[in-house]
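The values are calculated or read from the model by the stated rules, or taken from the named source; none is laboratory data. Since this is a predicted model, take the numbers as computed values, not measurements. Reconstructed Cβ throughout: ideal geometry from the backbone, glycine too, with neighbour counts over all protein chains shown.
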Amino acid sequence: MKREQLIEASFAAAAERYMQVGVRADRALERLNNLSLSLHCWQADDVGGFENQGGTLSGGIQVTGNYPGKARNIDELRADILEATRYIAGRHRLSLHEIYGDFGGQAVDRDEVTPEHFASWIQWAGEHQLKLDFNSTSFSHPKSGNLTLASPEEPVRQFWIEHTRRCRWIADTMGAAQNDPCMMNLWIHDGCKEIPANRMRYRRILEKSLDEIFSTPYEHMKDCIEAKLFGIGLESYTVGSYDFYLGYGARKGKIVTLDTGHFHLTESVADKISSLLLFTPEIMLHVSRPVRWDSDHVVILNDDLLDLSREIVRCDALEHVHIGLDYFDATINRIGAYVIGCRATQKAFLQALLEPGALLQKYEDEGRLFERLALQEEAKSLPWSAVWDMFCLSNEVPVGEDYIAGIGAYERNVTSKR
Ligand code: RNT
Ligand code: ZN
């Protein structure tokens, strides 16, 4: 049998098998097709950006490795992103950080940036049917220090307020141009290596700064606030902790970003979804993979990711959850890293969409708890991979491991020559 026929036949058999537990595989495929991921531009160049100011990465985050071929300028970054999308089925988004503006070799400080610096991105994204998301950048800058928006030094605080206000303006411009809201993520590293004299002090300042920043209403962008457990060198205290942003988001109607690397390693991020959805408008995800700490390893198909995607589907919240990726690995082919992470995320959501939810709920309602556990176990080995292959085939992206060769060719012909 030809490969294509084999995939089609396997899909047909899988679809029948899923019908036996009350699941429509074709419907799962359709829903997966409509799921957009927001690709983080910073995987392509190790969170460097194009400010041309020789800044080194700071803010408690770190990239390890120096695999050759990272993107050195906007053209290379754009080419790399497009190359990655060739192996990822569906229509996706691109998340830009402020430091990736098109500054044309000029030194544009963070409090001077305007939508003009993103005009070429907006145009390029439109041409390639990619929608844009945005992030303010408060790290890797002489004024970053350990405190930015939570700084008691008024000029420093004002500088970062101005930066963040301008970023919201840029995000709104992007959202208007693409006729779809731009998700604007705010993450700051503010914290202390040692125990501060008073934890409340900086949190009060941060709350005030956020209120000032968010006082301008915008129509085409949505504010997301990202908490963190700790940064390197800032281990004892994080001003923008999860409790801080959860409280802020719930009271003031802001979207909380859940970065899966920003929690204690035994804490379940999946379990937070249903609570957050009750009290905050939507959820922004930064899908990442912590290994022993917030290491930002390439996302793989593991239990954490499966649990997270299942929870989102069970809450029927695909419309209210924005799936961004956030990791940076410089030890392997960077484009391959994108593709592995995106495909893993799609596979996780596919398995979630194929879960026999109605039957599980029925068992639970009837108090048949053995049946519920048994079906949960059996569902793990239902033939989801046949549905996955069909997803790739019908979207004309390489099936299975076939994409490895394509990435290799791009490395030989393009990135290795940088
Ligand atoms: C850092 C946060 C943040 C960054 C990006 C580059 O711990 O996760 O989202 O990774 O903004
Ligand atoms: Zn993040």
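In region 315-337, the residues that are over 26 Å from residue 28 (Cβ atoms) and among the polar types (S, T, N, Q) reach residues that are away from ligand 2 (no atom under 16 Å from the Cβ) and assigned to a loop (DSSP other than H, G, I, E, B) with C-beta atoms within less than 7 angstrom, at least six apart or across chains, in these pairs: 331/64; 331/65; 331/67; 333/67. Picking from residues in region 309-333 that are within 16 Å of ligand 2 (Cβ to nearest atom) and aliphatic (A, V, I, L, M), the one that is farthest from residue 223 (Cα to Cα) is 325. Within region 28-49, the set of residues being assigned to a helix (DSSP H, G or I), of a type outside the set (A, V, I, L, M) and in contact (Cβ under 8 Å) with a residue 24 or more places away in the chain comprises 31, 33, 41, 42, 43. Could you check, for region 188-210, whether at least one of its residues is touching a Gly at 6+ places or on another chain (Cβ under 9 Å), outside any loop (DSSP other than H, G, I, E, B) and within 18 Å of residue 101 (Cβ to Cβ)? Taking every residue of region 188-210 in turn, none turns out to be touching a Gly at 6+ places or on another chain (Cβ under 9 Å), outside any loop (DSSP other than H, G, I, E, B) and within 18 Å of residue 101 (Cβ to Cβ). The residues listed here are 138, 215, 120, 144; of these, the one that is over 21 Å from the mean Cα position of the chain (by Cα), within 16 Å of ligand 1 (Cβ to nearest atom) and hydroxyl-bearing (Ser, Thr, Tyr) is 144. Output the residue which, of all residues in region 161-183 that are within 16 Å of ligand 1 (Cβ to nearest atom) and under 19 Å from residue 150 (Cβ atoms), is surrounded by the fewest Cβ atoms within 10 Å (Cβ to Cβ). Of everything passing the filter in region 161-183, 168 is surrounded by the fewest Cβ atoms within 10 Å (Cβ to Cβ).
Filtering region 285-306 to residues that are over 23 Å from residue 62 (Cβ atoms) and buried (at least 18 other Cβ atoms within 10 Å of the Cβ) leaves only 306. Scanning region 352-383 for residues that are in a helix (DSSP H, G or I) and buried (at least 23 other Cβ atoms within 10 Å of the Cβ) yields a total of 2.
Taken over region 255-307, the criterion of being away from ligand 1 (no atom under 16 Å from the Cβ), aliphatic (A, V, I, L, M) and touching a Gly at 6+ places or on another chain (Cβ under 9 Å) is satisfied by 276, 300.
Screening the candidates 275, 209, 241, 215 for the property of being within 16 Å of ligand 2 (Cβ to nearest atom) and among the polar types (S, T, N, Q) yields one hit, 241. Given the criteria closer than 23 Å to residue 171 by Cβ, among the small types (Gly, Ala, Ser) and at pLDDT below 95, does residue 54 qualify? Criteria not met by residue 54.
Determine, yes or no, whether residue 327 is more than 13 Å from ligand 1 (Cβ to nearest atom) and surrounded by 21 or more Cβ atoms within 10 Å (Cβ to Cβ). Here the answer is no, as residue 327 does not meet what is asked.
Could you say whether any residue in region 92-103 is among the hydrophobic types (A, V, I, L, M, F, W, C), within 16 Å of ligand 1 (Cβ to nearest atom) and either touching a helix residue (DSSP H, G or I) at 6+ places or on another chain (Cβ under 8 Å) or assigned to a loop (DSSP other than H, G, I, E, B) (or both)? There is at least one residue in region 92-103 that is among the hydrophobic types (A, V, I, L, M, F, W, C), within 16 Å of ligand 1 (Cβ to nearest atom) and either touching a helix residue (DSSP H, G or I) at 6+ places or on another chain (Cβ under 8 Å) or assigned to a loop (DSSP other than H, G, I, E, B) (or both). Among the candidates 406, 341, the residue that is assigned to a helix (DSSP H, G or I) and surrounded by 21 or more Cβ atoms within 10 Å (Cβ to Cβ) is uniquely 341.
Could we say that residue 116 is modelled with pLDDT of 95 or more, within 26 Å of residue 32 (Cα to Cα) and surrounded by fewer than 21 Cβ atoms within 10 Å (Cβ to Cβ) here? No, not satisfied. Entry remark, region 386-403: residues being surrounded by 15 or more Cβ atoms within 10 Å (Cβ to Cβ) and free of Cβ contacts under 8 Å to residues at least 60 places away in the same chain number 1 in total.
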